[in-house]
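J.: Quick one: structure below, then a few questions.
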Protein chains: 4
Amino acid sequence: MNIQKVSLQVSLLSPPSSPLKIIADSARITRGIEESHYTDQDYFHLLYKLGHHSVMEHVCFSFRIEGISRACSHQLVRFRIGVSFTQRSQRYTNESNLQIIVPPSIEKNPSKYETYIEYIKHLQALYCDLLKTGIPKEDARFLLPNAAATSLIMTMNFRELMHACHLRLCTKAQWEIQQLFQAVKQEMHQYSPFLAHYLQPKCVFQGHCTEVKPCKSKDQIEEEWNQLQNNTL
Amino acid sequence: MNIQKVSLQVSLLSPPSSPLKIIADSARITRGIEESHYTDQDYFHLLYKLGHHSVMEHVCFSFRIEGISRACSHQLVRFRIGVSFTQRSQRYTNESNLQIIVPPSIEKNPSKYETYIEYIKHLQALYCDLLKTGIPKEDARFLLPNAAATSLIMTMNFRELMHACHLRLCTKAQWEIQQLFQAVKQEMHQYSPFLAHYLQPKCVFQGHCTEVKPCKSKDQIEEEWNQLQNNTL
Amino acid sequence: MNIQKVSLQVSLLSPPSSPLKIIADSARITRGIEESHYTDQDYFHLLYKLGHHSVMEHVCFSFRIEGISRACSHQLVRFRIGVSFTQRSQRYTNESNLQIIVPPSIEKNPSKYETYIEYIKHLQALYCDLLKTGIPKEDARFLLPNAAATSLIMTMNFRELMHACHLRLCTKAQWEIQQLFQAVKQEMHQYSPFLAHYLQPKCVFQGHCTEVKPCKSKDQIEEEWNQLQNNTL
Amino acid sequence: MNIQKVSLQVSLLSPPSSPLKIIADSARITRGIEESHYTDQDYFHLLYKLGHHSVMEHVCFSFRIEGISRACSHQLVRFRIGVSFTQRSQRYTNESNLQIIVPPSIEKNPSKYETYIEYIKHLQALYCDLLKTGIPKEDARFLLPNAAATSLIMTMNFRELMHACHLRLCTKAQWEIQQLFQAVKQEMHQYSPFLAHYLQPKCVFQGHCTEVKPCKSKDQIEEEWNQLQNNTL
């Protein structure tokens, strides 16, 4: 029995070798043009700008995600379109050595942090007790907190990845899922700075903010939107 | 601050007035037959038997679901096709008066039950403490257990409802989600015994069981499958 | 054997009785508020404005669509999310009495119109000949033109209906599918002027146009967007 | 102006490099087992047999499809789940040099074949005439027949690919879409004989046939189902 504070880790699994080519070639087929005077990058940008985003579904990315809370995963798996998830199951795994997530608001306060950890240690002891007396794992887990860490594999096509970033890179998104998509964007940046560039919060995508209290001025949003449209962000 | 043990409640919200007619009329359109010698019920059964299930997507049912654990809702929202969910959010609601689910395996053992409740009361106190000292609800909830009750609205078309029942009415499904779909089937039975009849576990649908340890004999499954095919179940 | 020029007909089939109530009640559940000081209409508008559109998936609308070309239906069935189609099948129906759609650009020119009809009559004769000599309907239909009329049942949830209107009410959309969604909007208007109001082309939804040659000025789009945001369109 | 009879061509585009590993590793994560005594192939087979097919969504395959009729593509794009299509558009392409598909039932009869071709040549002439006199391509195409060839890019995850094969490898499926999925299976076989093995018609998948007139005996279906279950097909 053990408790371990863990933090977020995201890694991109064997990504496709030529995503821009597949996307550009798919678009070329719609007009019967096998060749075009655009480079794949320029063509991608044009398609983005014109809103022809369906061709961006032809490339898919798989991520291994570790060290997120079950609170966060519950929200994450609500994405339904162009996405597949496989998640560590508390019904089958023995969580006697619990890994947990600590929210920054609690971590930065030593006394609260101490109580938080102490509390979870008690819970952990009770969870182990229940298992020992024959309660099935799927019932003992009722005691496990939202703080419990989970792992999952997430596969998303690029169109949906842009959509998820619109929602979750917004500074109004819950901190943990925001961090997750920042890490996803970073992994994509390692792989292709060009593609990562198109993973933006919804204000930069739409040119305006729909939140009650925007985090940026109207002018700034318009400027970033213009930069994205002109590929100079 | 208060803890309340709650139990499952499912209610069907303003269901469509003539589901069989919409389904049968949709099927008639494929062959250009405005009239047919089949009754809507007989036609529905024929479509079921022949595997023409896409027409069953034209009717949707909304359920209000209350008193399920967050453990169960996390699993439930994994359905992605032909379904929409809206769920009570622990980010916005104050859970100082926590409602909880108790697994039967724990409830039937008085001493375990007592410890379970006591434990959750401590947690509850800590959750309230955190809120008082300014921790946001979305962070304090990291302490809330999987046992916490949630509410949601679920809208499914009938084809997906059949599919969800194939998976979740199976006796190998986790007890809570199994109870949920039994309650869903019961609500549907109140509304239309005829339609409810087609909500069956996957063995009765397929004619064989894919679980490692089947709960019924091969003969019994085949008999129930035959009865469903002949509408005499 | 006969040829008949037909035109578009759209009818809404047994719509839900209280769509605004279902949508507003679903949204109320997320925050644990059973009652609110908003009317259902005001709440709907707020949800629309804030971008909380997922609750609009809880109501679905079925339309019977007749008198569209197979060219149009091929494009229509590309919608995949929150939508179900059942379509008249040329594999099973005998199209000896062919119903056809005539594009306005051809109809307004008498000599072209005459040639168009004459041509299709020849085709029709050949189709009937093939059937007589034992060619299966599914092969004889290879001669049928894109102009051939089809019928279908389309069920869409309201969120997807808004999305489809964003794309297909745009004046740059192909004329026939544009007419189709104008007719869909009209049917919705008969049923609920309030809901129909939210079925708008994408420029009015986004506040800007992504087409190469916009049909409206930037100012006009911004004005209409503002009116929609303020519910005064 | 020219007419060309074309035939089906399917090619797999830059497939993923280690599909079995991604699928097996995804499954391992659910139980928290990083290593297992199963090989990736054995684990895949076990997952297939137990019906844990959702992990098979983590690998996607893109196919370039050329030389299918618009009749076939209209049916093909009805697949909605786990699939993306980008198709040559008759609104934008000039079809003066029409490529066509000829059904075998017509091709094998010389006189019918001649009439079929002659008819399409007339149509072709009329299509070209309309374009010359200023009718837009999107309206002139109303004359183009279902026989017109089209091209598309189709991306499917492996779970949906299995599902599409269940439906379209059935000998009762329309001949052209059946040929298409036979060619898809062949391409997959070139790439991975192991994976191609799991692309089977629904009878072999389910263990029984739901068609009115089965093409195989009950015993034969059961034998093939057993062979697939035991990986000896």
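J.: Count, please, the residues in the stretch B:207-233 that happen to be without any contact (Cβ under 8 Å) to a residue 24 or more places away in the chain, over 14 Å from residue B:172 (Cα atoms) and not charged (D, E, K, R).
T.: 10
J.: Also, quick follow-up: Has the stretch C:120-139 got at least one residue that is surrounded by 21 or more Cβ atoms within 10 Å (Cβ to Cβ), at pLDDT 95 or above, assigned to a helix (DSSP H, G or I) and out of contact with any Asp or Glu (no Cβ under 8 Å at 6 or more places or on another chain)?
T.: Yes, there is a match, as at least one residue in the stretch C:120-139 is surrounded by 21 or more Cβ atoms within 10 Å (Cβ to Cβ), at pLDDT 95 or above, assigned to a helix (DSSP H, G or I) and out of contact with any Asp or Glu (no Cβ under 8 Å at 6 or more places or on another chain).
J.: Looking at (1) more than 7 Å from every other protein chain (Cβ to nearest Cβ); (2) buried (at least 21 other Cβ atoms within 10 Å of the Cβ); (3) among the hydrophobic types (A, V, I, L, M, F, W, C), which is the only condition residue D:102 fails?
T.: (2)
J.: Please specify each residue of the stretch C:179-216 satisfying the condition of being among the charged types (D, E, K, R), more than 14 Å from chain A (Cβ to nearest Cβ) and over 13 Å from the mean Cα position of the chain (by Cα). Spell out the reasoning first.
T.: Here is the first cut: in the stretch C:179-216, the ones among the charged types (D, E, K, R) are C:185, C:187, C:202, C:211, C:213, C:216.
Checking the rest, the ones that are also more than 14 Å from chain A (Cβ to nearest Cβ) come to C:185, C:187, C:216.
Once the filter is applied, which keeps residues that are among the charged types (D, E, K, R), more than 14 Å from chain A (Cβ to nearest Cβ) and over 13 Å from the mean Cα position of the chain (by Cα), the stretch C:179-216 yields only C:216.
J.: Tell me the residue from D:172, D:213, D:218 that is surrounded by fewer than 20 Cβ atoms within 10 Å (Cβ to Cβ), basic (Lys, Arg) and in the same structural domain as residue D:6 (by TED's automatic domain parsing), please.
T.: D:172
J.: If you go through the stretch B:105-116, how many residues are crowded, with 17+ Cβ neighbours inside 10 Å and of a type outside the set (D, E, K, R)?
T.: Going through the stretch B:105-116 one residue at a time, the tally reaches 3.
J.: I would also like to ask the following. Confirm whether residue C:46 is of a type in the set (A, V, I, L, M), farther than 30 Å from residue C:137 by Cα, surrounded by fewer than 19 Cβ atoms within 10 Å (Cβ to Cβ) and more than 9 Å from every other protein chain (Cβ to nearest Cβ).
T.: Yes: the conditions hold for residue C:46.
J.: Still on this model: Looking only at the stretch A:161-198, which residues are among the charged types (D, E, K, R) and within 26 Å of residue A:213 (Cα to Cα)? Give the derivation first.
T.: Start the filter on the stretch A:161-198 by keeping residues that are among the charged types (D, E, K, R), which leaves A:168, A:172, A:176, A:185, A:187.
If the condition is that a residue be among the charged types (D, E, K, R) and within 26 Å of residue A:213 (Cα to Cα), then A:168, A:172, A:176, A:185 are the ones that fit.
J.: Now for a separate question. Could you list, in sequence order, all residues of the stretch B:29-73 that are on the phi > 0 side of the Ramachandran plot and of a type in the set (A, V, I, L, M, F, W, C)?
T.: none
J.: Tell me which of these residue B:64 doesn't satisfy, since it passes every other one: (1) more than 14 Å from chain C (Cβ to nearest Cβ); (2) of a type in the set (D, E, K, R); (3) within 14 Å of the chain's Cα centre (by Cα).
T.: The single condition residue B:64 does not satisfy is (1).
J.: I'm told residue B:122 meets every condition in (1) in contact (Cβ under 8 Å) with a residue 60 or more places away in the chain; (2) under 23 Å from residue A:138 (Cα atoms); (3) not small (Gly, Ala, Ser) except one. Can you identify the failing condition by its number?
T.: Failed condition: (1).
J.: Please determine whether any residue of the stretch B:1-13 is out of contact with any strand residue (DSSP E or B) (no Cβ under 7 Å at 6 or more places or on another chain) and within 12 Å of chain C (Cβ to nearest Cβ).
T.: No; the residues of the stretch B:1-13 include none that is out of contact with any strand residue (DSSP E or B) (no Cβ under 7 Å at 6 or more places or on another chain) and within 12 Å of chain C (Cβ to nearest Cβ).
J.: Checking the condition within 11 Å of chain D (Cβ to nearest Cβ), out of contact with any His (no Cβ under 7 Å at 6 or more places or on another chain) and hydroxyl-bearing (Ser, Thr, Tyr), which residue from C:111, C:96 passes?
T.: C:111
J.: Within the stretch A:79-92, is there a residue that is assigned by TED's automatic domain parsing to the domain that holds residue A:165, of a type outside the set (Asp, Glu) and within 16 Å of residue A:4 (Cα to Cα)?
T.: Checked against the condition, which is being assigned by TED's automatic domain parsing to the domain that holds residue A:165, of a type outside the set (Asp, Glu) and within 16 Å of residue A:4 (Cα to Cα), the stretch A:79-92 yields no hits at all.
J.: With (1) more than 7 Å from every other protein chain (Cβ to nearest Cβ); (2) β-branched (Val, Ile, Thr); (3) more than 30 Å from residue D:93 (Cα to Cα) as the list, and residue A:23 as the residue in question, which single condition is left unmet?
T.: All conditions pass for residue A:23, except number (3).
J.: I would also like to ask the following. On the given criteria, is residue A:222 over 20 Å from residue A:65 (Cβ atoms), in a helix (DSSP H, G or I) and either of a type in the set (Asp, Glu) or within 14 Å of the chain's Cα centre (by Cα) (or both)?
T.: For residue A:222, the condition - over 20 Å from residue A:65 (Cβ atoms), in a helix (DSSP H, G or I) and either of a type in the set (Asp, Glu) or within 14 Å of the chain's Cα centre (by Cα) (or both) - is met.
J.: Tell me, which residue of the stretch B:67-89 that is within 12 Å of chain C (Cβ to nearest Cβ) and of a type in the set (A, V, I, L, M) is surrounded by the most Cβ atoms within 10 Å (Cβ to Cβ)?
T.: So the residue we want is B:83.
J.: Taking residue D:92, is it outside any strand (DSSP E or B), buried (at least 19 other Cβ atoms within 10 Å of the Cβ), modelled with pLDDT under 95 and not charged (D, E, K, R)? Step through it out loud before you land on a result.
T.: Values: outside any strand (DSSP E or B): yes; buried (at least 19 other Cβ atoms within 10 Å of the Cβ): no; modelled with pLDDT under 95: yes; not charged (D, E, K, R): yes.
Taking the combined requirement at face value, the residue does not satisfy it.
J.: Can you name every residue in the stretch A:140-155 that is surrounded by 22 or more Cβ atoms within 10 Å (Cβ to Cβ), closer than 24 Å to residue D:59 by Cα and not hydroxyl-bearing (Ser, Thr, Tyr)?
T.: Scanning the stretch A:140-155 gives A:153, A:154.
J.: For the stretch B:194-205, which positions are surrounded by fewer than 18 Cβ atoms within 10 Å (Cβ to Cβ) and touching a residue at least 40 places away in the same chain (Cβ under 8 Å)?
T.: B:194
J.: Quick one: which residue in D:173, D:125, D:149 is touching a Gly at 6+ places or on another chain (Cβ under 7 Å), closer than 29 Å to residue C:72 by Cα and within 12 Å of chain C (Cβ to nearest Cβ)?
T.: D:149
J.: For residue B:51, state whether it is more than 21 Å from the chain's Cα centre (by Cα) and at the interface with chain C (Cβ under 8 Å from one of its Cβ atoms).
T.: So residue B:51 does not fit the description; no.
J.: May I ask you to list the residues in the stretch B:11-43 that are closer than 19 Å to residue C:16 by Cβ, in contact (Cβ under 8 Å) with a residue 24 or more places away in the chain and surrounded by 15 or more Cβ atoms within 10 Å (Cβ to Cβ)?
T.: Answer for the stretch B:11-43, where residues must be closer than 19 Å to residue C:16 by Cβ, in contact (Cβ under 8 Å) with a residue 24 or more places away in the chain and surrounded by 15 or more Cβ atoms within 10 Å (Cβ to Cβ): B:12, B:13, B:15, B:16, B:19, B:20, B:22, B:23, B:26.
The values are calculated or read from the model by the stated rules, or taken from the named source; none is laboratory data. Note that the coordinates shown come from a computational prediction; the quantities given were computed from them, not determined experimentally. Cβ: placed from backbone, ideal geometry, glycine included. Neighbour counts: every protein chain shown.
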